Amino acid sequence: MPSILITGASRGIGYEFLRQYSSDTQNTVIGLVRNKLATERKVSEDTDLQGRSNIHILQADITDYNALKQAAADTADTTGGSLDYIIANAGLVPKFDLFLPIGELGKQPEELTKTFREAFEINVIGNVHLFNLFLPLVLAGQTKKVITISSGLADNSFTNKWGATPGALYAASKAAMNTVIAKFNAQYKKDGVLFLALCPGPVEVGHYDGATAADLAAVEPMLGIFREYSPGYERPKAPEVSVRMMRDVIEASSLEKGDGGAFKSHYGNQQWV
Ligand SMILES: NC(=O)c1ccc[n+]([C@@H]2O[C@H](COP(=O)([O-])OP(=O)(O)OC[C@H]3O[C@@H](n4cnc5c(N)ncnc54)[C@H](OP(=O)(O)O)[C@@H]3O)[C@@H](O)[C@H]2O)c1
């Protein structure tokens, strides 16, 4: 019975991971969220998910070490002490740097510092604690796959070649997380644990909801880059499509194939869009 922990399972890509993995009744799926009651209500009202007794919702803010520790203990109780997959999906996608280049962000130094700190606390430090706390369960599991949801924006060669300016603070936090994945791989590959950073590609979850005309004009050059980089690109994928593709990459990746510590896209390579 494979067991899967998904962080940020309340909405967006994480909720879709919850939906897809729990469709197999053999899987035990643990969704880690900030608001347990709201997510349990959402699941119970979702006609797709109603009655799936293999879904377990636990509560922790990823920045709360003690709550993560309790979640690891509760996961062990649910699974019998092991865990096959971690999908570290929870993340801050800040609005502050979504549209503007880093030089413009510098005109608001206090907001820049605040957002950068939050991005590191949630996207990097929280995941390091998550991995360390849940690793004893993963080592006791069968599959031993630890995945972090990264972003192609963290690929410096993409940024340099295509001049992709948005998301500077966010991308830096994801780049740091890619390095964290490599360091965990360096330590735990001898124990058979696959660590992988995986980019979902652009996915429609409402990040641009409420964008002003000026915001949309600021992001237009980025969309032009996507169209040139990936001819035929029109719009972000639906979560259902991206998650299906990522699950295929997760299943296909292994230490034996040399994937330990790698940074891959939903295509299983370095094609980000
Ligand atoms: N969408 C894309 O195009 C795209 C592209 C590349 C990478 N990604 C990555 O994909 C992952 C999922 O993003 P998404 O697009 O689905 O975004 P989203 O809809 O904004 O979802 C973010 C999730 O992270 C959770 N979260 C945020 N801060 C948290 C914290 N401090 N503690 C615990 N949970 C927290 C949120 O929970 P609440 O509901 O409690 O806020 C939510 O479940 C992120 O890591 C993101 O960087 C997304």
**OP:** State whether one or more residues within segment 156-174 are at pLDDT 95 or above, in contact with a strand residue (DSSP E or B) (Cβ under 6 Å, 6 or more places away or on another chain) and surrounded by 21 or more Cβ atoms within 10 Å (Cβ to Cβ).
**Re:** no
**OP:** Only one of these is out of contact with any Ser or Thr (no Cβ under 6 Å at 6 or more places or on another chain) and within 13 Å of the ligand (Cβ to nearest atom): Ala176, Ala197. Name it.
**Re:** Ala176
**OP:** Could you pull out every one of the helices (runs of 4 or more DSSP H) wholly within segment 1-86 that has 1 or more residues that are closer than 21 Å to Glu251 by Cβ and among the small types (Gly, Ala, Ser)?
**Re:** 12-22
Original post:
Got at least one residue in segment 207-223 being small (Gly, Ala, Ser), assigned to a loop (DSSP other than H, G, I, E, B) and surrounded by fewer than 16 Cβ atoms within 10 Å (Cβ to Cβ)?
Top reply: yes
**OP:** Could you figure out which of (1) within 16 Å of the ligand (Cβ to nearest atom); (2) more than 15 Å from Thr148 (Cα to Cα) isn't true of Gln187?
**Re:** (1)
**OP:** Can you work out which of the residues in segment 140-187 that are in a loop (DSSP other than H, G, I, E, B) and not polar (S, T, N, Q) is nearest to Thr7 (Cα to Cα)?
**Re:** Lys144
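Quick one: is Gly91 within 25 Å of Arg247 (Cβ to Cβ), part of a loop (DSSP other than H, G, I, E, B) and touching a residue at least 24 places away in the same chain (Cβ under 8 Å)? Working first, answer last.
On the way: within 25 Å of Arg247 (Cβ to Cβ): yes; part of a loop (DSSP other than H, G, I, E, B): yes; touching a residue at least 24 places away in the same chain (Cβ under 8 Å): yes.
Criteria met by Gly91.
Are any of the residues in segment 35-58 under 15 Å from the mean Cα position of the chain (by Cα) and within 21 Å of Leu92 (Cβ to Cβ)? Explain how you work it out, then say what you get.
Our first condition is that a residue be under 15 Å from the mean Cα position of the chain (by Cα); within segment 35-58, this holds for none.
For segment 35-58, residues under 15 Å from the mean Cα position of the chain (by Cα) and within 21 Å of Leu92 (Cβ to Cβ): absent.
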**OP:** Evaluate segment 213-235: report whether one residue or more is within 12 Å of the ligand (Cβ to nearest atom), in contact with a strand residue (DSSP E or B) (Cβ under 7 Å, 6 or more places away or on another chain) and either within 17 Å of Leu98 (Cβ to Cβ) or hydroxyl-bearing (Ser, Thr, Tyr) (or both).
**Re:** no
Original post:
Which pairs have Cβ atoms under 8 Å, sit 6 or more apart or on different chains, and link a residue in segment 235-264 that is more than 20 Å from Lys144 (Cα to Cα) and part of a helix (DSSP H, G or I) to one that is among the small types (Gly, Ala, Ser) and within 12 Å of the ligand (Cβ to nearest atom)?
Top reply: Pro239/Gly12; Ser242/Gly201
Original post:
If you go through segment 1-33, how many residues are within 14 Å of the ligand (Cβ to nearest atom) and out of contact with any strand residue (DSSP E or B) (no Cβ under 7 Å at 6 or more places or on another chain)?
Top reply: 7
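Within segment 118-132, is even one residue over 18 Å from the mean Cα position of the chain (by Cα) and either surrounded by fewer than 20 Cβ atoms within 10 Å (Cβ to Cβ) or in contact (Cβ under 8 Å) with a residue 40 or more places away in the chain (or both)? Walk me through how you get there before you give the answer.
Just the residues of segment 118-132 that are over 18 Å from the mean Cα position of the chain (by Cα), to begin with: none.
No, segment 118-132 contains no residue that is over 18 Å from the mean Cα position of the chain (by Cα) and either surrounded by fewer than 20 Cβ atoms within 10 Å (Cβ to Cβ) or in contact (Cβ under 8 Å) with a residue 40 or more places away in the chain (or both).
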**OP:** Identify all residues within segment 94-118 that are within 16 Å of the ligand (Cβ to nearest atom) and either touching a helix residue (DSSP H, G or I) at 6+ places or on another chain (Cβ under 6 Å) or more than 30 Å from Leu135 (Cβ to Cβ) (or both); write none if there are none.
**Re:** Pro94, Lys95, Phe96, Asp97, Leu98, Phe99, Lys114, Thr115, Phe116
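The values are calculated or read from the model by the stated rules, or taken from the named source; none is laboratory data. In this text, all values refer to a predicted model and were calculated from it rather than measured experimentally. All Cβ positions, even for glycine, are placed from backbone atoms using ideal geometry, and neighbour counts span all protein chains on display.
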